[in-house]
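So the structure is just underneath, and the comments pick up after that.
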Amino acid sequence: MKRRDFVAGAALAAGARLMARPADVAASDRIRVAVIGMGIRGRQHMQLLTKIPGVEVAAFCDPDETRLQEKCKEFEQITGKKPRLEQDLRRVLDDHGIDAVTIATCNHWHALATIWACQAGKHVYVEKPVCHDLFEGSQMVAASRRYNKLVQGGTQRRSSGYVQRAIQALHGGVIGDVYMARCIHYQRRDALPFRTAEDPPSTLDWNLWVGPGPMRSFNRNLVHYNWHWFWDYGSGELGNNGIHYIDIARWGLNRRLPSYISSNGGRFGYRDQAETPNTQLTTYRFEDGTELIAEIRGRFTNAEGDVTSGLMFYGSKGYMISDHKNDGHFYVYLDGKSTPELDLGTVSGLDPTVDDEVYHFQNFFDAVRANKREMLAAEIEQTFLSSAYCLLGNISYRTRKELHFDPQSRRFTNDSEANEFVKARYRAPFVVPDAV
């Protein structure tokens with residue numbers, strides 16, 4: 001098959017898959033959903049769900065009563081309907097009338113909320129990174145299987161037509177044997193002020209917010225966004241944005257877990273209260289020598305070949321690049337040429353006015369209605385594996401060591417200190433169970 005014919009065929013196939021949307025959904029197929037976590041991302045969930053046919057947003061949940069009321073008012077203005085409001089997600093999961101939940105909490109809540117939801121008979125859409133340690137990620141997969149519930153991860157680029165065509169082309173050999181993938185995300189992050197402990201607002205249930213994480217005094221640097229930069233609750237920029245690119249790089253390389261990890265960096269350019277690095281370079285290596293390299297830069301920096309947030313694949317015949325902040329297309333350069341031979345975004349079966357995230361949510365609900373796990377674009381096992389890369393990189397960074405990892409046992413073979421990070425010490429009663 002000629003290369004141009006292959007690319008066109010892959011594009012049309014991807015477009016046909018994504019554009020098969022029901023115009024109307026029967027009342028019997030209606031799916032009642034609760035949104036758990038009403039911050040920036042939860043608000044986006046709320047807005048996206050109003051665009052999906054046959055989905056009824058029945059409840060909002062957040063330990064902060066103020067946020068609940070704010071989002072409820074906004075939702076009423078959009079839809080004319082008022083959802084049920086709960087601070088404790090356990091009350092939401094007790095509601096047998098709710099079929100599915102979307103989870104947009106802090107990272108340290110993702111796994112337990114997902115496991116509890118599966119146990120309560122709910123399907124789950126959970127944001128990335130889907131877990132905060134390796135153990136709980138494995139338990140999420142186990143819970144999905146045991147209770148036969150579909151769980152989709154929030155790596156929405158898997159529902160992008162651009163990405164699907166690029167992966168098909170890579171696996172079809174468009175640049176030959178791929179030996180390296182690079183992911184970069186350059187986004188300036190400014191310093192956090194030094195804040196002292198204080199009593200939490202009366203509208204915030206601090207015990208619920210902390211949940212399975214270690215109890216710390218309330219600090220306004222944690223609530224509500226900057227928890228990303230504290231190890232107890234977040235995963236740094238590698239887990240915040242880096243995972244989107246790592247997920248696609250891993251897919252393109254067609255790999256599961258690496259055997260070698262080395263991560264270096266720091267919090268450069270200022271001194272502040274945050275803990276995670278603002279600059280980090282992580283190398284993952286597989287047994288055959290293939291590498292995946294992920295880099296984040298949070299200070300002033302140049303672009304890399306005009307790419308500031310994107311992917312690069314290198315093969316025996318050429319290379320492929322994509323810049324997310326440009327147009328999302330993937331370009332193929334062959335035989336050392338300086339101009340692209342192929343633009344994998346020029347043939348599209350997708351509606352360009354529809355956001356990839358709408359397709360990703362629609363994919364989840366299509367799969368739920370069909371009860372077919374194989375339909376999911378970002379099934380929980382795949383999103384767990386990609387999340388694991390972020391965890392492994394952060395463990396190497398925190399221990400300041402090059403680490404050797406056994407993908408089968410999911411343990412480090414050369415460092416007992418690193419193995420202490422594999423499973424957290426959860427705070428009762430918010431404990432990720434050993435048996436789901």
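Out of Gly305, Gly211, Gly236, any idea which swings most in a Gaussian network model of the chain, alpha carbons joined below 10 Å?
Looking only at Gly305, Gly211, Gly236, the biggest GNM fluctuation is shown by Gly305.
Write down the Kirkwood hydrodynamic radius of segment 176-283, to one decimal in angstroms, obtained as one divided by the mean of 1/r over all alpha carbon pairs.
Details: mean 1/r = 0.0617 Å⁻¹.
For segment 176-283, the Kirkwood estimate is 16.2 Å.
Once amide H atoms are placed 1.01 Å from N in the peptide plane, what residues at a sequence separation of 5 or more from Arg84, or on another chain, have their amide H within under 5 Å of its amide H?
Ala59, Phe60
For segment 330-436, compute Rh as the Kirkwood radius over C-alpha pairs and then the Stokes-Einstein diffusion coefficient at 4 °C and 1.567 mPa s; write the answer in µm²/s, rounded to an integer. All intermediate terms of the calculation are to be shown ahead of the outcome.
Numbers: Rh = 18.6 Å.
In µm²/s, the coefficient rounds to 70.
Report the semi-axes of the equivalent ellipsoid for segment 232-321 in whole Å, largest first, where each axis is √(5λ) for an eigenvalue λ of the Cα gyration tensor. Could the numbers behind the result be given before it?
Numbers: eigenvalues 124, 55, 25 Å².
The equivalent ellipsoid of segment 232-321 has semi-axes of 25, 17, 11 Å.
Taking every pair of Cα atoms in segment 130-175, average 1/r, invert it to obtain the Kirkwood radius, and report Rg/Rh to two decimals. Before the final figure, lay out each step's value.
Working: Rg = 15.0 Å, Rh = 12.9 Å.
With Rg and the Kirkwood Rh in hand, the quotient comes to 1.16.
Sorted from largest down, what three extents in whole angstroms do the Cα atoms of segment 386-430 have along their principal axes?
35, 23, 19
Relative contact order for the chain using alpha-carbon pairs under 8 Å, separation at least 6, rounded to a whole percent? Provide the component values of the computation, followed by the final result.
Details: 894 pairs, mean separation 90.0, N = 436.
Once normalised by length, the contact order is 21 percent.
Which links in Lys71/Lys149; Lys51/Lys149; Lys128/Lys149; Lys82/Lys128 stretch past 25 Å when you go from one Cα to the other? Working shown, then result.
Values: Lys71/Lys149 28 Å; Lys51/Lys149 23 Å; Lys128/Lys149 18 Å; Lys82/Lys128 28 Å.
In this structure, Lys71/Lys149; Lys82/Lys128 exceed 25 Å between Cα atoms.
Calculated from DSSP H runs of 4 or more alone, at -39500 (n - 2.57) each and per residue, what is the 222 nm mean residue ellipticity of the chain, nearest 500? Walk me through the numbers before you get to the answer.
Values: 12 runs with 139 residues, N = 436.
Theoretical 222 nm ellipticity from helices: -10000 deg cm²/dmol.
Put Asp199, Asp356, Asp190 in order of accessible area, largest first, 1.4 Å probe: what do you get? Intermediate results must be reported in sequence, preceding the final value.
Values: Asp199 130, Asp356 50, Asp190 85 Å².
Order by accessible area, largest first: Asp199, Asp190, Asp356.
Compute the normalised compactness of the chain: alpha-carbon radius of gyration over 2.2 N^0.38 Å, N being the residue count. Write down the numbers at each step before the final one.
Details: Rg = 21.5 Å, N = 436, 2.2 N^0.38 = 22.2 Å.
Dividing the Cα Rg of the chain by 2.2 N^0.38 Å gives 0.97.
Using 0.36 nm per residue, how much length does the chain from Thr79 to Arg410 gain when fully extended, once their Cα-Cα distance is taken away? Kindly include the intermediate steps, with their values, before the conclusion.
Numbers: separation 331, 0.36 × 331 = 119.16 nm, distance 4.61 nm.
Contour length minus Cα-Cα distance gives 114.6 nm.
Which number comes out as Rg/Rh for segment 50-209 once both Rg and the Kirkwood Rh are worked out on C-alpha atoms?
Dividing the radius of gyration by the Kirkwood radius yields 1.04.
Hey, in the GNM for the chain with a 10 angstrom Cα cutoff, which one of Ala197, Ala169, Ala100 fluctuates hardest?
Looking only at Ala197, Ala169, Ala100, the biggest GNM fluctuation is shown by Ala197.
Count neighbours as other Cβ atoms within 10 Å of each site's Cβ, and list the trypsin sites (Lys or Arg not before Pro) in segment 145-205 that are DSSP loop with at most 15 such neighbours.
Counting only loop positions with at most 15 other Cβ atoms within 10 Å, the trypsin sites (Lys or Arg not before Pro) in segment 145-205 are Arg188, Arg195.
What order do Phe194, Phe405 take when sorted by accessible area (1.4 Å probe), most exposed first? Let's see the in-between values first.
On the way: Phe194 145, Phe405 10 Å².
Result, largest first: Phe194, Phe405.
Report the antiparallel proportion of the DSSP beta bridges in the chain as a percent, rounded to a multiple of 5.
Numbers: 40 of 67 bridges.
In the chain, DSSP labels about 60 percent of beta bridges as antiparallel.
Give me, ordered by chain and number, the residues 5 or more places off Gln152 or on other chains with an amide H under 5 Å from its own placed amide H.
Val124, Tyr125, Val126
Identify all aspartates and glutamates with a Cα-Cα distance to Lys81 below 16 Å; exclude those on the same chain that are fewer than 8 residues away in sequence.
Straight-line reach from Lys81, under 16 Å: Glu56, Glu70.
Please compute the Kirkwood hydrodynamic radius of segment 222-375 from all pairs of different C-alpha atoms, in Å with one decimal.
On the way: mean 1/r = 0.0546 Å⁻¹.
Averaging 1/r across every pair of different Cα atoms and inverting gives 18.3 Å.
What translational diffusion coefficient, to the nearest whole µm²/s, does segment 358-419 have by Stokes-Einstein, given a Kirkwood radius computed over alpha-carbon pairs, a temperature of 10 °C and 1.306 mPa s viscosity? Before the final figure, lay out the partial values.
Values: Rh = 13.8 Å.
It comes out at roughly 115 µm²/s.
Taking GluC sites (Glu not before Pro) that fall in a DSSP loop and have at most 15 other Cβ atoms within 10 Å as cut points, what is the longest piece of the chain between them? Mind showing how you got there, number by number?
On the way: sites that count: Glu198, Glu275, Glu287, Glu341, Glu402, Glu420.
So the longest stretch without any such site is 1-197.
Let me know the number of lysine pairs in segment 277-436 closer than 27 Å at the Cα, not counting same-chain pairs under 8 apart.
Numbers: Lys317/Lys325; Lys317/Lys337; Lys325/Lys337; Lys401/Lys423.
Counting lysine pairs in segment 277-436 gives 4.
The values are calculated or read from the model by the stated rules, or taken from the named source; none is laboratory data. Every value quoted in this text rests on a predicted model; they were computed, and no experiment measured them. In this analysis, Cβ positions are derived from the backbone assuming ideal geometry, glycine residues included, and neighbour counts consider all displayed protein chains. Surface accessibility is based on the protein's heavy atoms, side chains included, excluding ligands, DNA and RNA. Shrake-Rupley method; radii C 1.70, N 1.55, O 1.52, S 1.80 Å.
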